[in-house]
Structure formats: C-alpha cells, structure tokens
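Below is one structure; the comments refer to it alone.
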Amino acid sequence: MSKNCCPPAIETTSDAATGCCPPKESAPGVCCPSVQSSESCAPPEISRDRPGYRLEPYVTGWLTTPLGEVPQVATQLCRRDALGAWQMRWGMGRDRYAISPGLYAVGQPDRKSPVLVSANYKLSFDALRKELRKIDAWILVIDTKGINVWCAAGKGTFSTDEIVRRVREVGLDQLVSHRQLIVPQLAAPGVAAHSVSKQIGFKVVYGPVRANDLPAFLHAGQQATQEMRRVTFSTRERLILTPVELVMMNKVSGLVLLALFLLGGIGPSIYSLSAMWQHGLSASAVYLAGLLVGAVLTPILLPWIPGAALAWKGLVAGLATAALACLLFAAQLDRFSGLALLLALSAVSSYCAMNFTGSTTYTSPSGVEKEMRLAIPLQALALLGAATTWLWGAFSGGL
C-alpha cells in the first residue's frame with residue numbers, strides 16, 4: 001500500500017481543525033480516528049475501514065493490487081461534497097480543502113487502465129471523479145499544496161518534478177503495463193512532457209480542458225477534438241467566481257466602512273454625530289456600489305466592455321454607474337459630492353475588477369504585474385481626490 005500522507009498543515013477534509021496524519025503513517029483517503037465525520041457518502045461498513053484509520057467519505061473500499069491495497073473512490077458526489085464546493089466558492093477554508101496525495105482507483109482498473117493525474121485540491125479531485133462513472137481508471141493525485149490545477153501549474157506545484165516524484169513513490173511502473181499519464185491540459189504550463197518521459201519513461205498525454213469531456217476523450221482513443229481544447233469563460237463560469245472575490249474584500253471593506261463613518265462626522269462644527277450618520281451612509285453606499293460594480297457587474301459584462309485590462313474595464317463600468325447615479329440623484333448632490341462620487345466609485349470598481357484578473361483567461365502573470373504597477377497609483381490618486389473633495393464639500397455645506 002502506498003504510504004503517502006498530507007503534511008500537518010494540509011487537511012484531508014474541509015472541516016478538519018488540525019492535520020490528522022503523522023508523517024509516513026497514512027495512506028490516501030484515510031485519516032486518524034480522532035477526526036469524526038458528520039456525514040458519509042456511502043453506508044458505514046466495518047470491513048471498509050482499517051485499524052487505526054477512518055476512511056474519508058469518498059472512499060468506498062479497497063482494491064488489492066501488486067502494490068498493496070489502493071483506496072477505491074466513489075464517482076457520485078454527496079451532500080457533503082456539495083457543501084464543501086459551496087464553501088470553497090465563498091472562500092471558506094480554502095487553505096484546508098485538500099486530500100492526501102497518492103494513488104486512487106475508480107471502478108476495477110487493471111494493468112491496461114488509464115492513469116489520470118490530478119491536483120490534491122478536493123474540488124479538482126471531485127470534478128474529475130464524478131465524470132468517471134462506468135470507467136475503470138487510476139487517479140494519481142500529486143501534492144499541489146491544495147491548489148487547483150491551473151493555479152498550481154502557474155505557481156510551480158503542479159510540476160514535472162512532483163509528477164516524477166509521485167510516480168516513483170507509488171511504483172506506478174509495477175502497476176500498469178502501459179507508459180502513459182493523462183495530464184490536464186491546464187497543467188501544461190507547469191509540466192515539461194519531454195522531461196517526464198526522459199526521467200521515468202512515461203509519456204505525457206494532455207487531456208481535455210474540462211473534466212466532463214474525459215469519457216469522450218478516452219472513448220476516442222485519447223484523441224481530443226478542437227472543442228475539447230478550447231478554454232471557455234462563459235457568463236456562468238465568471239459568476240461562479242464572483243462570491244470569493246467579494247469575500248476576499250471583507251476585511252478591507254470593514255475597515256473602509258468604519259473609516260467613512262468616522263470621517264463623515266467632520267464638518268464646520270468640528271464633529272457631528274448626525275453628520276457622521278448621514279455622510280457615512282452616503283459614502284458607504286458609494287463604496288459598496290463600486291465593490292459590486294467591480295466584482296460582479298464587470299465580470300458579467302466582461303466580453304462587451306471595451307479594452308483588455310481589467311482595471312480599465314472596471315473603470316469604464318464604474319464611470320458609467322457613477323454617471324447614472326449622478327443623474328438619478330442630481331437634486332441631492334452638489335458639485336463636490338458629485339465629483340467625489342465619480343472619483344470614488346470608478347476607482348473602487350477599477351480596483352475590484354483588477355483583482356478578478358487572476359481568475360480570467362485574459363492576461364499572463366507578467367501582464368497582471370504590468371497592469372497593477374500602472375493602475376494602483378492612479379486608483380490611489382483618484383481615491384485621494386475623492387476624499388479631499390468629499391471633506392471639502394462638508395466644510396462648504398455640501399453633501
């Protein structure tokens with residue numbers, strides 16, 4: 001049996017509070033009995049477990065192989081998996097949503113069955129296994145530090161070295177008669193196929209972009225169609241990513257809102273609690289509008305807003321929204337508050353949209369760095385201008 005284990009800092013379930021496995025004492029899909037499960041995808045069977053271990057809910061049993069017993073995994077996701085996916089979309093416990101790297105079995109694979117390589121981010125693992133119904137295959141989970149395939153390839157954790165190390169560690173050459181590894185296409189930036197072949201004799205075959213194309217890909221003799229190779233970024237795919245963008249701004253937003261209320265009380269009478277409430281509410285509404293425009297509206301309208309840089313797209317959306325707000329509330333706004341609204345809403349929207357860059361297919365890491373170096377000083381300058389105009393207006397009887 002493979003004796004791979006997650007390091008103490010990496011959890012095997014989304015709700016574990018601490019690392020569960022001492023080094024070199026656990027196999028993929030097992031954990032120590034001190035961590036209790038609130039739900040299981042399969043009915044409890046004593047024969048499934050091993051002394052000293054508790055199986056993860058996605059493990060349905062054991063497959064005896066020349067390497068020892070390999071955990072078999074379910075291809076049907078359960079409520080706990082759905083809850084975990086929802087938590088990840090909202091940024092809850094993302095650093096802990098990882099499984100133990102190592103070898104897993106789907107169905108009843110044999111020496112001729114395909115070997116699919118996956119990240120140990122559980123959302124990636126779940127997306128893969130749920131598409132393998134009625135397919136016998138091996139899943140080689142490598143240690144990407146709990147990061148998804150695409151991001152791990154960019155960060156260097158879904159790498160040539162990690163694939164080579166994991167293949168050697170599990171003894172894959174003794175398990176299968178072929179010498180092929182099916183690697184996700186989105187992992188290509190981090191994997192040098194020729195180097196993998198040279199070091200361990202396994203040929204890297206790049207699978208389709210989306211896991212749901214895997215059955216057709218395997219049925220076609222591991223041949224991908226043009227559509228399987230195309231990276232999409234539909235409205236639905238963009239919307240799925242917006243909750244975590246909003247959650248990532250929670251701490252900053254709390255501090256910003258507190259500062260706006262405190263500054264709102266400043267005026268001709270030095271400080272006024274009634275002004276703090278009135279001005280703080282209006283300024284907070286502008287900030288929250290910029291947040292929603294940049295993190296939600298801009299991603300929705302992404303293909304239709306002119307320009308390539310996300311900061312620019314957020315600026316365009318923010319200016320349009322601010323202009324509309326100025327028209328709708330013209331009677332309540334003076335020239336100071338109107339200008340402050342335009343500057344603040346567009347700057348916040350531009351910044352939040354720029355944060356979305358890492359989730360898109362639009363730019364490269366170097367492009368992101370270049371955009372940030374240019375945009376952040378301008379955004380800061382616009383916010384400074386908005387704050388100055390807002391406070392000046394308060395002393396001049398504005399707002």
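Quick note: the coordinates plus some simple rules give every number you see, no bench work behind them. These numbers were taken from a predicted model, which means no experiment stands behind them. We place every Cβ from the backbone using ideal geometry, glycine too, and count neighbours over all the protein chains shown.
Shown here for region 58-104: chymotrypsin sites (Phe, Trp or Tyr not before Pro) in loop regions (DSSP other than H, G, I, E, B) with at most 13 other Cβ atoms within 10 Å, namely 90. In summary, the lysines within cross-link reach of residue 203, defined as a Cα separation below 30 angstrom excluding same-chain residues under 8 places away, comprise 3, 24, 112, 122, 130, 134, 145, 155. May I ask you to list the GluC sites (Glu not before Pro) in region 76-175 that are in a DSSP loop and have at most 12 other Cβ atoms within 10 Å of their Cβ? When the GluC sites (Glu not before Pro) of region 76-175 are filtered for loop state and at most 12 Cβ neighbours within 10 Å, nothing remains. In region 110-257, the alpha-carbon atoms span a convex hull of 125 Å³ per residue.
Estimated translational diffusion coefficient (Stokes-Einstein, Kirkwood radius over Cα pairs, 4 °C, 1.567 mPa s) of region 186-315: 67 µm² per second. Semi-axes of the equivalent ellipsoid for region 142-214, computed as √(5λ) from the eigenvalues of its C-alpha gyration tensor and ordered from largest down, come to 19, 14, 11 Å. Loop-located trypsin sites (Lys or Arg not before Pro) across region 168-211 with a Cβ neighbour count of 16 or fewer within 10 Å are 179, with loop assigned by DSSP.
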